1. Assuming R0 = 22 Å, can you tell me the calculated FRET efficiency for the pair V62 and Q99, based on Cβ-Cβ distance, to the nearest 0.05?
2. In the chain, what cysteines have no partner Cβ closer than 4.7 Å?
3. Which links in K65/K93; K27/K86; K7/K77; K65/K103 stretch past 20 Å when you go from one Cα to the other?
4. Suppose each label sits 7 Å from its Cα in the direction of the beta carbon; what would the N112-D52 distance come out to in nanometres?
5. Give me the number: length gained by fully extending K7 to K86, i.e. 0.36 nm times residue separation minus the C-alpha to C-alpha distance, one decimal in nm.
6. Take the Cα pairs of the chain, get the Kirkwood Rh, then feed it into Stokes-Einstein at 10 °C and 1.306 mPa s and tell me D in µm²/s.
7. Taking the Cα centre of each part, how many Å lie between the stretch 79-123 and the stretch 1-71?
8. Mind checking the stretch 77-106 for GluC sites (Glu not before Pro) that DSSP puts in a loop (not H, G, I, E or B) and that have at most 10 other Cβ atoms within 10 Å?
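Values in this text are rule-based calculations from the coordinates and carry no lab data. Model, not experiment: these values are computed from the prediction. For neighbour counting, all protein chains shown are included, and Cβ atoms are generated from backbone atoms with ideal geometry for every residue, glycine included.
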Amino acid sequence: KETQAEKFLRQHMDPDTSTVTASYCNKMMKHQNIMVGDCKLVNTFIHEPLPDVQAVCFQGNVPCKNTKPNCHKSSSKMRITDCHLKKEAKYPKCEYETQQLRKSIIVTCEGNPYVPVHFNGSV
Ligand code: C5P
């Protein structure tokens, strides 16, 4: 069974891509199997080396959206792509807006080793 940490990698890590095209999110949201019976509203992909993303678990502690205490904000801005579901999109035709950004990421970390398990947002 896929662990939460493995799920984070599948849904949010794409270190080898530096520039994305307009169809990036449409392709990635399908290829990474992010859709299960419904179109996911928002999903962020991170284009930084995995060790840099794992290191965020040991950077600034911030409150999580869901009241949990174990969220961490990256001390530097990271290359990310935001995928936003288009308003008129209907499953299984999940069409996305692709937006490349440089922002700090906020992740929830858990376990031993203490690694990212949820993407909480970007600021
Ligand atoms: O914010 P919310 O709890 O609705 O987010 C649900 C899921 O959407 C998150 O667990 C994450 O996988 C994804 N998300 C994201 N990037 C954001 C906000 C949410 O990938 N900026």
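1. 0.45
2. So, none.
3. Over 20 Å apart, Cα to Cα: K65/K93; K7/K77.
4. It is 3.1 nm.
5. 26.1 nm
6. Result for D is 107 µm²/s.
7. The stretch 79-123 and the stretch 1-71 have Cα centres separated by 5 Å.
8. Within the stretch 77-106, the qualifying GluC sites (Glu not before Pro) (loop, at most 10 other Cβ atoms within 10 Å) are E88.
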